[in-house]
Structure formats: C-alpha cells, structure tokens
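Below is one structure, written out as structure tokens; the observations come after it.
The values are calculated or read from the model by the stated rules, or taken from the named source; none is laboratory data. The structure displayed is predicted, hence computed values, not measured ones. Here the Cβ positions follow ideal geometry from the backbone for every residue, glycine too, while neighbour counts run over all protein chains shown. Accessible surface is based on the protein model in full, side chains and every heavy atom, while ligands, DNA and RNA are left aside. Shrake-Rupley method; radii C 1.70, N 1.55, O 1.52, S 1.80 Å.
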Amino acid sequence: MTTKPTQRTVVFVPFPGQGHIIPMLRLARILVDRGDISAATVAVPDFMHRRMGQHSVPGVSLVSIPSGVQDNGGDEPLGPPSFLHALENHMPAQLEALLTAQCSTGTRRVISCLVIDLLASWAIPVAARCGLPVVGFWPAMLASYRTAAAIPELMAKGLVSESGTLDGAHCNIHQNIADFQILPAKLNLRFKDLPWLISNSAVSQKSRLAFWLQIVNRAKSITSILVNSIPSEGGDSDLYDPKGQEILPIGPLLLNDDSKKATAVWQTDRTCIDWLDKHNVGSVVYVSFGSWAAPIEPEKISEFAHGLEASGQPFLWALKDHPSWRAGLPDRYIEKIGSRGKIVSWAPQDDILKHKAVGCYITHCGWNSALEAARHGVRMICYPISSDHFINCAYIVNMLEIGILLVSSDRRNVKDCIERVIKGKEGKHLQQMVNKMREAITVGEAMRVAKRNLGLFTGRMKNN
C-alpha cells in the first residue's frame, strides 16, 4: 500500500483588520502557487470571517476562530476597543485547539511554522506551547515597527512614563525623534507622530502604550520578520533596524496580485470603472480614507467636499455610506456636482489606481494604499489621520518624494494641493519620482530583494 506524502502547511494569524488580512492572504496564496507548501490556513476571528464569506482561493483555507465578541453583523468593521480583550483572553485557547487538531496523529499534514502578525502577538505564546516555530509578519513600514521597538529604550532613559506620557523636562511632543536615533532626521517626524501616542479611539494612552510594549516584548522571541515594505524604505532606514532580528522585506511580491484572485473584505462598487472610462487621462482625483480610520468630523468632510468641487477636476470619492461619515456633505451635494463627481461606499481600489484616468490620490496614508499607488505610478496628496499614517506620510513626502502634505482639510488647501499635483511643476517632479519607485518595486532592485528574501524564508521553512 502506497503511503500518501506528507503535506506541508503554514498557519497564518493576522490582526483583524483589512490592511493586515489582505497582505497575509496574498502571501499564503504565493506560497501555495509556488509549490512551497501544499496548503495554507489563515485563521481570523469569526466577526471578520462573516464579512469575508466570498473569499475562495485553491489551497488557502480561511478559518473562523470563535472570538466571543458581540457582533451585530453590519457592514462596518469592528474597531480595536471592541475586540482587543477577546484577542488576549478568549482566542488563544481556540487557536491552540485548531493547531492541536491539525497536528493530531492520523493526519498527513505537518505545520512547518506559524506566520504571526506582530499586532496579533497573543498567538506567539500559543505557538510556543504547541512547540511550533514562528516567523513574524509586519504588515506596514519597518519604520513603524522601529518606533515601537524603541519604547523600552525611551522608557529606560526616562523620556516616556509607564502611563505613556512624555517627560517634558527631556523632550516634548514637537521634538524631532531623530534626536534620539529612532528614525532619519530627513523625515522631520515629531514625538507627537509616534503611533503609540496617536489615537482617535476610546482606548486610553496608557492602554495603547501597554499594547505596543506587549508586542515588543513578545516579539523578542522571534528571530525573523517578514515585512510588507521595501529595502531601506527610500533612504538609510536600514541603519535603524531592530537589533538581533533578521528583517526580510517582501512588500513588492505582495503587490503582484492577480486581479482574478483579488481579495477584498467589503463589497466594492464596480460602477467606478465605467465612470472612469468616460474621463481624460490623468484628470481624476481619487479620494479614500481607508477601511478602518475613524470618521472624520462633519465640518472637515464639508470642507473636503467644497475643495473638491472648487478644484474643477473630476473626482471619485470612496466615502462610507454611514451618517458618521456623510453627515458633513453639503445639502444636495451629489445632485450639484452631477457627473463630474462620483461618491461610492467601497471602491475596487487597485483597479481604480491602475486606471489611466486617475491623476492623483488623496489618501489617509495607510501603507497598503501607499504601496498600491506607487505600484501604479499615482501621485499622492497625504492627509494622515491616526496610527502609523504620520510616519508613512513623512516617508511619502520627505524621503520618497512621491506625494505632498495636505496640512488641513480647509477647502482652499484642498483646491491648492490638487492644482499643484495635477497642473503644477511640483506634480511633474512627483510623477518622475513615483515612476522611479514603480520600476523599483515591479521589476527593479526592490523586487529582486523581495524574491531573495522570500527564498530565504521558504528554504529555512522546508528544513524545519
């Protein structure tokens, strides 16, 4: 009797947000398509699984883990205050049961490793209890991880208290963080821009700091981290890599997404593409503030609306169809702008950014969005909102020079930035720089490094 060959699999554990799950799903699919593994399991909380029922890729199983979180089943994603407690206290036992079942005798499946999103650090002790190796995954810029990794150092120097506040005698919120060798001085980032000091959620500053510190402490046991970014991140950022950990940027590979297998958590409005087809090359302003950012105040939405109208450019605005987002739209605004503007709830972003009609992108500076824009050669107008957006913005504007900063939502600022990018000399420079980056991440050095790093990861995985 012929014995069936052992199936090698990897279990992926993302943090429950679209910007975390999608890169992991893409990585899982790449490993299966390349034949590095026979199958992959992506374990997500039940409240995310319910919203992703349409996902289907051969060899990649999207598995629901009971979270114990109350969910009304609506379209709006749950925010961290709703589920962080469940991640720490309910889901570890559920994940351990899943891993035990997959490793049980009688199966021909061997788990080579767990790839764990470091923001889902609760899964690291679970893997240790099961005796399974772990590779870290960071879904954003390495720079944002570096700022978290610096927390113990800043606390040891007395610059940051246990409650998360800054020691005003040694530094202030407006001081350049380069003064403490955290990130390059060219970024002109201030302490107030650090992710663990920024939030528009109900979570207290002390709780946010504790969350990030827990990530850093748990990540110390991980020797290799796959990063959804590019080498050096446009400058000398590799000089600031966390010590004792191997950093493997693979971001360009995660952008090579077959549109027929594209992944989305929310249902998108495909009428956007037909609308774009009717407009001139490089004329449309695309606006989106991401899938997870907290609502922008109504007065700011109103100013954006007036600024877009005043610019004279056609625009496509992905704005959630919820009072918390649309309350600020001027009366009869959609009727007034007519065919020159289109507002949708959820947009097929990758298809939009690669459309020839799109000339610039007003973005919240989520890192996945920034990479998608660069991949398709689209210049950016940056309006950071929270979390790592301010770090990403600093790189886009000051290091990579592929976008400009929108300092406020004032209608005059919105109109001026659009004109600078679409019609001005500044826009031509941005286009040259984003074209250069597009080449690097599609066929150039950044892509070659990404392939080499993925090869290092898979080679070691097969030897486990």
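Descriptive notes on the structure:
- Residue, least open to solvent (accessible area, probe 1.4 Å), within the range 168-179, restricted to residues that are in contact with a Phe, Trp or Tyr (Cβ under 9 Å, 6 or more places away or on another chain) and assigned to a loop (DSSP other than H, G, I, E, B): 171
- Residue in the range 111-129 that is in a strand (DSSP E or B), open to solvent by less than 10 Å² (accessible area, probe 1.4 Å) and in contact with a His (Cβ under 7 Å, 6 or more places away or on another chain) present: yes
- For the range 192-251, filtered to residues that are open to solvent by 50 Å² or more (accessible area, probe 1.4 Å) and of a type in the set (Lys, Arg), the residue that is modelled with the highest pLDDT is 218.
- Within the range 180-191, tally of residues that are over 25 Å from the mean Cα position of the chain (by Cα) and open to solvent by 60 Å² or more (accessible area, probe 1.4 Å): 0
- Only one of the listed residues (366, 377, 424) is of a type outside the set (Ser, Thr, Tyr) and within 24 Å of residue 136 (Cα to Cα). That residue is 366.
- For the range 100-109, the criterion of being in contact with a Leu (Cβ under 7 Å, 6 or more places away or on another chain) and either outside any strand (DSSP E or B) or over 19 Å from residue 388 (Cβ atoms) (or both) is satisfied by no residue at all.
- Any hit, the range 3-12, residues being among the basic types (Lys, Arg), modelled with pLDDT under 90, farther than 29 Å from residue 141 by Cβ and part of a helix (DSSP H, G or I): no
- Only listed residue being within 27 Å of the chain's Cα centre (by Cα), among the hydroxyl-bearing types (Ser, Thr, Tyr) and open to solvent by less than 50 Å² (accessible area, probe 1.4 Å), chosen from 165, 147: 147
- Among the residues listed as 344, 378, the single one being closer than 24 Å to residue 446 by Cβ and open to solvent by less than 30 Å² (accessible area, probe 1.4 Å): 378
- Filtered residues of the range 126-146 (kept if closer than 22 Å to residue 26 by Cα and touching a Cys at 6+ places or on another chain (Cβ under 8 Å)): 133, 134, 135
- Of the criteria (1) open to solvent by less than 30 Å² (accessible area, probe 1.4 Å); (2) modelled with pLDDT of 90 or more, which one residue 281 fails: (1)
- Sub-7 Å Cβ pairs linking a first residue in the range 419-445 that is open to solvent by 80 Å² or more (accessible area, probe 1.4 Å) to a second residue that is among the aliphatic types (A, V, I, L, M), at least 6 apart or interchain, are 438/374, ordered by first then second residue.
- Hits in the range 446-464 - residues which are open to solvent by 60 Å² or more (accessible area, probe 1.4 Å) and in contact with an Asp or Glu (Cβ under 8 Å, 6 or more places away or on another chain): 462
- Some residue of the range 147-166 being in contact with an Asp or Glu (Cβ under 9 Å, 6 or more places away or on another chain), in a helix (DSSP H, G or I) and of a type in the set (Ser, Thr, Tyr): yes
- In summary, residue 323 fulfils each of the numbered conditions (1) closer than 14 Å to residue 345 by Cβ; (2) in contact with a Lys or Arg (Cβ under 7 Å, 6 or more places away or on another chain) with the single exception of condition (2).
- Subset tally (residues that are closer than 22 Å to residue 92 by Cβ, open to solvent by less than 50 Å² (accessible area, probe 1.4 Å) and in a loop (DSSP other than H, G, I, E, B)) for the range 32-72: 3
- Within the range 389-416, tally of residues that are β-branched (Val, Ile, Thr) and surrounded by fewer than 24 Cβ atoms within 10 Å (Cβ to Cβ): 3
- The selection criterion, being crowded, with 18+ Cβ neighbours inside 10 Å, at pLDDT 95 or above and either out of contact with any Pro (no Cβ under 7 Å at 6 or more places or on another chain) or within 26 Å of residue 413 (Cβ to Cβ) (or both), does not hold for residue 265.
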